[in-house]
Amino acid sequence: MTFTGFTTDTLVSLPAELFSEVLPQITLPSELKVTLHVFYRLSRQRGPSPRRVSWDELAADRVLRRGLRAVARLRAPEDVLAEGLDAAVRRATLLHVTLPDGARSVSWYVVNTAANRMWAEQIGQAGAALAPNPALADERPPLITLYEQNIGLVTPMLLDELRDAEERYPAHWIEDAMREAVRANARSWRYIKKVLERWAAHGRHDAQDRADRPIDVDKYTGGAYGDLFRRGSDVSDLQ
């Protein structure tokens, strides 16, 4: 569909560094779409500082979801959103701040400006784009840390699925499935989950898995070529 043109001569004001330093470095489509959409939403906000947008608001944004589906049609919009936000936070374009809201925590995102950095530092919740705190990282579940280091941001919805996977599968299975996702350049929970389900249904066919399982004798002594196997065994017994 051809774009018919803008309806106003008033343009959205964006910082020059976004175009001169940030956008030329972005290669991930999800990061590009999420970054531009966050700047767009924040530019339209009015009210107390700092201007910020939450994970829940972004996940529910129909315009953003439609754009993310166009990036990766076979992946859930939430997975693509998490990938884009994680990349933007790692680049330090955005700061990720977690604040309590009753019984739950809410993830907020602000643009990395001097005023916003000061705000994040004051509430003691600066994200990984600032100085990481090793003591806090060590207290986090290893699986979540591994996921965020290799795959992407762990959202509240994804956290429940990770905990469920820990109960269903051995820990080394989950780690190996993450490595397979990285090798396949398919960094999403959906891909990892499919790998785990396949292994659970059909078994793993790597060397470690074969070493751990006993030999299925019936597999070789039965069927059309069973007699050949048994004759070979009889000969070896006589030697």
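Tabulated values for the structure
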{"item": "Additional length obtainable on full extension of the chain from Leu74 to Gln122, 0.36 nm per residue less Cα span", "result": "13.2 nm"}
{"item": "Given charges at Cβ of Lys, Arg, Asp, Glu: the range 1-135 dipole, positive-most of Ala16, Thr93, Leu81", "result": "Leu81"}
{"item": "Inter-site label distance for Arg44 and Arg62 at 7 Å from Cα along Cβ, in nm", "result": "1.3 nm"}
{"item": "Calculated from backbone phi, Karplus (6.51, -1.76, 1.60) coupling profile of the range 27-43 in Hz, x at Gly/Pro", "result": "10, 8, x, 5, 5, 4, 5, 5, 4, 5, 5, 4, 4, 4, 5, 5, 5"}
{"item": "Protection-proxy order for peptides 8-16, 80-88, 29-37, 114-122, each taking the mean of Cβ atoms within 10 Å per residue, highest first", "result": "80-88, 29-37, 114-122, 8-16"}
{"item": "Approximate spin-label separation Thr27-Thr7, in nm, with each point projected 7 Å along Cα-to-Cβ", "result": "3.9 nm"}
{"item": "Burial ranking of peptide ranges 164-172, 179-187 (average Cβ count within 10 Å, highest at the top)", "result": "179-187, 164-172"}
{"item": "Cβ-based exposure ranking for Val38, Val22, in which fewest neighbours within 10 Å come first", "result": "Val22, Val38"}
{"item": "Protection-proxy order for peptides 194-200, 148-154, each taking the mean of Cβ atoms within 10 Å per residue, highest first", "result": "148-154, 194-200"}
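Since every read-out is calculated from the coordinates, none of them should be taken as a lab result. Remember, it's a predicted structure, so these values are computed and weren't measured experimentally. Here the Cβ is made from the backbone with ideal geometry for all residues, glycine too, and neighbour counts use every protein chain on show.
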